[in-house]
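What follows is a set of notes on a single structure, which appears directly below.
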2 protein chains.
Amino acid sequence: MLPPDLLDALVAIVGEPNVRIDEASLVTYGTDALKRGHPAEAVVLPADTSQVAKVVAQCAEHRVPFVPRGAGTGYTGGAVPLHGGVVISLERMNRILEIDEANLLAVVEPNVITGDLQTAVEAVGLFYPPDPASLHMSTIGGNVAECAGGPRAFKYGTTKQYVLGLEAVLPTGEVIETGGKVVKNVVGYDLTHLLVGSEGTLAVITKIILRLVPKPPVQATLRASFKSVEDAVAAVSEVIRRRVVPATLELIDGESLEAVAKNLGVRSLAPPGTAAILLLDVDGSAQAVAEDADRVEAACVAVGAIEVLRAKHEAERAELWRVRRELSLSLKMVTPLKFNHDVVVPKGRIPELFALVSRIRDAYRLRIPLFGHAGDGNIHVNIMVMPDDAEEIERAHEAEKVLFEGVVALEGSISGEHGIGFSKAPFLPIELSPDEISLMKRVKLAFDPHNLLNPGKMFPE
Amino acid sequence: MLPPDLLDALVAIVGEPNVRIDEASLVTYGTDALKRGHPAEAVVLPADTSQVAKVVAQCAEHRVPFVPRGAGTGYTGGAVPLHGGVVISLERMNRILEIDEANLLAVVEPNVITGDLQTAVEAVGLFYPPDPASLHMSTIGGNVAECAGGPRAFKYGTTKQYVLGLEAVLPTGEVIETGGKVVKNVVGYDLTHLLVGSEGTLAVITKIILRLVPKPPVQATLRASFKSVEDAVAAVSEVIRRRVVPATLELIDGESLEAVAKNLGVRSLAPPGTAAILLLDVDGSAQAVAEDADRVEAACVAVGAIEVLRAKHEAERAELWRVRRELSLSLKMVTPLKFNHDVVVPKGRIPELFALVSRIRDAYRLRIPLFGHAGDGNIHVNIMVMPDDAEEIERAHEAEKVLFEGVVALEGSISGEHGIGFSKAPFLPIELSPDEISLMKRVKLAFDPHNLLNPGKMFPE
């Protein structure tokens, strides 16, 4: 229960309709896509940076925890008020402030939907590449807080490559600006890129300056089927060896394909004997795309692809991508609950990762379909469980730990896109040393001396 | 004078020949390219990370300041032991440990010369794009500490875009690893990119994992002459509007051209009436390069270029770039001393920057040739002075301050490449607010509780 004078102060700052304490709101804003959370004690909807700063200052003064929230599409509980307190929902701060074609940048408020920004900049021939699967729901602010990736990261990099500057409210209430409208700036420490991916634990991001690039005029999509995951990974290496940089390089394994086929009610989505497919996009000028597509096809054939399809027009491109788009939903039809882990290994070690998951499947008797961004070595490992099977869930949790330890042993990372939040916090010491964690906690204290901003996240409690 | 037991301890760690206390060494390692410094009290040359950690621990125990040093090519005094103490020269840690073609990465020790790494990776068809002017002398470690840029940053980004992971020694002696061999990693705070550009004030970098890209097979170079800087900048905008992304987009003004012509003993390097030239490289596949070069030429002609030259072969490319390469030396022939400021503005505001410099030239009666990376808005403002003219130097220092204030008013930054070091530290408050500086100092303390690592840098004392 919040102190009444804090509630009064919040109402005075944002107005009565923008402070919510009804049960439904407290519960709704208490969870995200992870579907495990803790109810908020109040939800506040500030209209601008100045209101955010005042809300934060009030919470700090009362030593009440507060958590910034975008669209709540995160998979690790990053936006959840784990220790109660105030959820600062940025949903009213959702304007595209500027699209600057001369300087190839955009200035946005945090709650602009990523897909909306993409549509807006593509209308003037520009391109904002990061494409998390959630892009039609998730917000730029959330993408920045988590450093969202997506299929196009192989060629274009993740969100961090596009953030030039930020405006943010410190947990003590001061408003700072980091970076700016210039692509080069080495004045002081790079706080911009410290805030990107800090999961809302260091500051509340209130404005974002994004770098844009020219929109590639032409895309082509290819789909190649392979009789083994090893062949598919060999094709990835062969494509890279032939110096093509596809915009996307998605890998889908046989178990995932089966789930999609079942969901779509078709017998099969690929030729008989297919154990893995690759979906590849190449983009650029018409001539370069044609050359690259030829080289991709030749590379796939050279390593023994069963079949290579090339889309002849936009409708065929959409058709080839359909399997990938249907994946998440199809897997939910297999079992309603999945633990989706976005582990990442150096791409040359993907076959070792698949071998590791094979051993885990057998040892823990679990269904674990795999798909993901093969170009980055970023593979989504989906541990499928029935929500009412406590024993299976127990095995799944044991399997997770073995997976994470194995990934780190392969010079990989336990999260390439989703972050740590609170769900992965217990596993942080698998990847980071005590000295590294202790340094990060000191950095956190430098920003947030009373540990009020989004407590319980990232670090094991 | 260092405590004798510290000296003994240093000798015990690295061996007698690798601790230098002779006068010549103390003076040599006490300056860098800025040519203002402070003598070291000892110079230590560790062989590996473990020795660096022990040296740091000893200095920390004795509360003696220590400063890491690469090649000493910095322009802002970053490697200078301003408060005395121990210079840790990383010159013996100069091996390329790994070039991993499958995963497109290299692992290097800090003192690998940037140009040597480029040669090594290009031999296997790969590419490390950052190209600071000092690349044949400066080291990757120094480039990372300063976040070095260079002409190719317009298309390829600066050093930070290529650093995947670091090994570093904290000022308290612990060895940490940040990031790793994967291109995506969102586990914990992004300390990698906090260390990049931190100017050796947060940790001593001992190993670097760098991302590589495929080497573009073909380059083309064009040179366009314009009757005004405004026309040259209009050409830059027109090139971008036509959605070409040149690898480099260098702008050189008339005063700089004159200096080079004089130095080379020729009457002129460009057609009569030239006030500015642009040097443009485009790279990629043969077909894409041919198309892009046509579009660049058309863009320059469209805004009224006096002349556009296109190199027909490698020798002509070198000839077109000769002016740019001769620039620094030629300006030194004009006056032996120049204050070289790497200011940066959003590129659409370059004409306003040139107008600002014009006003400064008149008001302070100074020669200020301009050249730089027009695509990034990163312009080198060279304030030319005679070293024995105290009154002129005084005017130059007044002009600097006006320049920096003007640049920040243009939404720019006082340094795009060279960093702050100690020479620009007094100007930090022009760009950063007291809250921002105070936060950065708290971050510094989180790493370096006794302010022993490279003290006197970045922040005004």
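Within region B:250-265, is there a residue that is part of a loop (DSSP other than H, G, I, E, B) and open to solvent by 30 Å² or more (accessible area, probe 1.4 Å)? Checked against the condition, which is being part of a loop (DSSP other than H, G, I, E, B) and open to solvent by 30 Å² or more (accessible area, probe 1.4 Å), region B:250-265 yields at least one hit. Within region B:17-44, the set of residues being surrounded by fewer than 15 Cβ atoms within 10 Å (Cβ to Cβ) and over 23 Å from B:ASP5 (Cα atoms) comprises B:LYS35, B:ARG36. Number of residues in region B:135-178 that are assigned to a helix (DSSP H, G or I), of a type in the set (Gly, Ala, Ser) and within 21 Å of B:THR49 (Cβ to Cβ): the value is 3.
Note on region B:247-290: among residues that are within 14 Å of another protein chain (Cβ to nearest Cβ), among the aliphatic types (A, V, I, L, M) and out of contact with any Phe, Trp or Tyr (no Cβ under 8 Å at 6 or more places or on another chain), the one that is farthest from A:VAL289 (Cα to Cα) is B:VAL282. For region A:334-362, the set of residues classified as assigned to a loop (DSSP other than H, G, I, E, B) and either in contact with a Phe, Trp or Tyr (Cβ under 7 Å, 6 or more places away or on another chain) or open to solvent by less than 20 Å² (accessible area, probe 1.4 Å) (or both) consists of A:THR335, A:VAL345, A:PRO346, listed by residue number. Can A:VAL344 be described as in contact with a helix residue (DSSP H, G or I) (Cβ under 9 Å, 6 or more places away or on another chain), within 30 Å of B:ARG211 (Cβ to Cβ) and free of Cβ contacts under 8 Å to residues at least 40 places away in the same chain? In short, no.
The test for being open to solvent by less than 30 Å² (accessible area, probe 1.4 Å) and assigned to a strand (DSSP E or B) holds for B:VAL87.
For B:LYS184, the conditions (1) at the interface with chain A (Cβ under 7 Å from one of its Cβ atoms); (2) over 20 Å from B:GLY200 (Cβ atoms); (3) in contact (Cβ under 8 Å) with a residue 12 or more places away in the chain all hold with the exception of (3). Of all the listed residues (B:VAL289, B:VAL239, B:VAL301), the sole one being among the aliphatic types (A, V, I, L, M) and more than 29 Å from the chain's Cα centre (by Cα) is B:VAL301.
Kindly indicate whether A:VAL182 is open to solvent by less than 20 Å² (accessible area, probe 1.4 Å), under 30 Å from A:ALA302 (Cα atoms) and either at pLDDT below 95 or outside any strand (DSSP E or B) (or both). Spelling it out, it is not the case that A:VAL182 is open to solvent by less than 20 Å² (accessible area, probe 1.4 Å), under 30 Å from A:ALA302 (Cα atoms) and either at pLDDT below 95 or outside any strand (DSSP E or B) (or both).
Comparison of A:ALA315, A:ALA288, A:ALA305 shows that the only residue that is open to solvent by less than 60 Å² (accessible area, probe 1.4 Å) and part of a helix (DSSP H, G or I) is A:ALA288. In region B:224-246, the residue that is modelled with the lowest pLDDT out of those that are more than 14 Å from every other protein chain (Cβ to nearest Cβ) and in contact with a Phe, Trp or Tyr (Cβ under 7 Å, 6 or more places away or on another chain) is B:VAL229. The helices (runs of 4 or more DSSP H) located wholly in region B:363-461 that include 3 or more residues which are more than 10 Å from chain A (Cβ to nearest Cβ) and open to solvent by 30 Å² or more (accessible area, probe 1.4 Å) occupy B:390-409.
Exactly one residue out of A:VAL204, A:VAL186, A:VAL196 is over 19 Å from the mean Cα position of the chain (by Cα) and not assigned by TED's automatic domain parsing to the domain that holds A:ILE379, and it is A:VAL186.
Among the residues of region A:190-199, just one is open to solvent by 10 Å² or more (accessible area, probe 1.4 Å) and not in a helix (DSSP H, G or I), namely A:ASP190.
Note on region B:115-133: among residues that are within 14 Å of the chain's Cα centre (by Cα) and open to solvent by 10 Å² or more (accessible area, probe 1.4 Å), the one that is nearest to B:LEU210 (Cα to Cα) is B:ASP131.
One residue stands out in region B:235-249 among those that are open to solvent by 40 Å² or more (accessible area, probe 1.4 Å) and not in a loop (DSSP other than H, G, I, E, B): the one that is nearest to B:ASN378 (Cα to Cα), namely B:SER237. Only one of the listed residues (B:GLY141, B:GLY150) is more than 9 Å from every other protein chain (Cβ to nearest Cβ) and touching a strand residue (DSSP E or B) at 6+ places or on another chain (Cβ under 6 Å). That residue is B:GLY141.
To keep it simple, each residue is scored yes or no on (1) closer than 18 Å to A:ASN185 by Cβ; (2) more than 7 Å from chain A (Cβ to nearest Cβ); (3) among the small types (Gly, Ala, Ser); (4) open to solvent by less than 10 Å² (accessible area, probe 1.4 Å).
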| site | (1), (2), (3), (4) |
| --- | --- |
| B:LEU164 | no, yes, no, no |
| B:GLU167 | no, yes, no, no |
| B:ILE176 | no, no, no, yes |
| B:THR201 | yes, yes, no, yes |
| B:THR206 | no, yes, no, yes |
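Might you check whether a residue that is touching a helix residue (DSSP H, G or I) at 6+ places or on another chain (Cβ under 8 Å), assigned to a helix (DSSP H, G or I) and open to solvent by less than 10 Å² (accessible area, probe 1.4 Å) occurs anywhere in region A:57-76? Within region A:57-76 (the criterion being touching a helix residue (DSSP H, G or I) at 6+ places or on another chain (Cβ under 8 Å), assigned to a helix (DSSP H, G or I) and open to solvent by less than 10 Å² (accessible area, probe 1.4 Å)), the answer is yes, since at least one residue qualifies.
Taken over region A:6-26, the criterion of being in contact (Cβ under 8 Å) with a residue 40 or more places away in the chain and more than 30 Å from the chain's Cα centre (by Cα) is satisfied by A:LEU6, A:ALA9, A:LEU10, A:ILE13, A:VAL14. One residue stands out in region A:92-111 among those that are more than 19 Å from B:ARG242 (Cα to Cα) and either loosely packed, with under 15 Cβ neighbours inside 10 Å or at pLDDT below 95 (or both): the one that is nearest to the chain's Cα centre (by Cα), namely A:ARG95. How many of the residues in region A:208-218 are at pLDDT below 95, open to solvent by 20 Å² or more (accessible area, probe 1.4 Å) and more than 7 Å from chain B (Cβ to nearest Cβ)? The total comes to 4. For beta carbons closer than 7 Å, sequence separation of 6+ or different chains, a first residue in region A:85-109 that is over 19 Å from A:PRO17 (Cβ atoms) and a second that is aromatic (Phe, Trp, Tyr), the qualifying pairs are A:GLY85/A:PHE66.
The values are calculated or read from the model by the stated rules, or taken from the named source; none is laboratory data. Fair warning: this is a prediction, and the values are worked out from it, not measured in the lab. Using ideal geometry, Cβ is built from the backbone for each residue, glycine included, and neighbour counts are taken over all protein chains shown. Note: areas computed on protein heavy atoms with side chains; ligands, DNA, RNA excluded. Shrake-Rupley method; radii C 1.70, N 1.55, O 1.52, S 1.80 Å.
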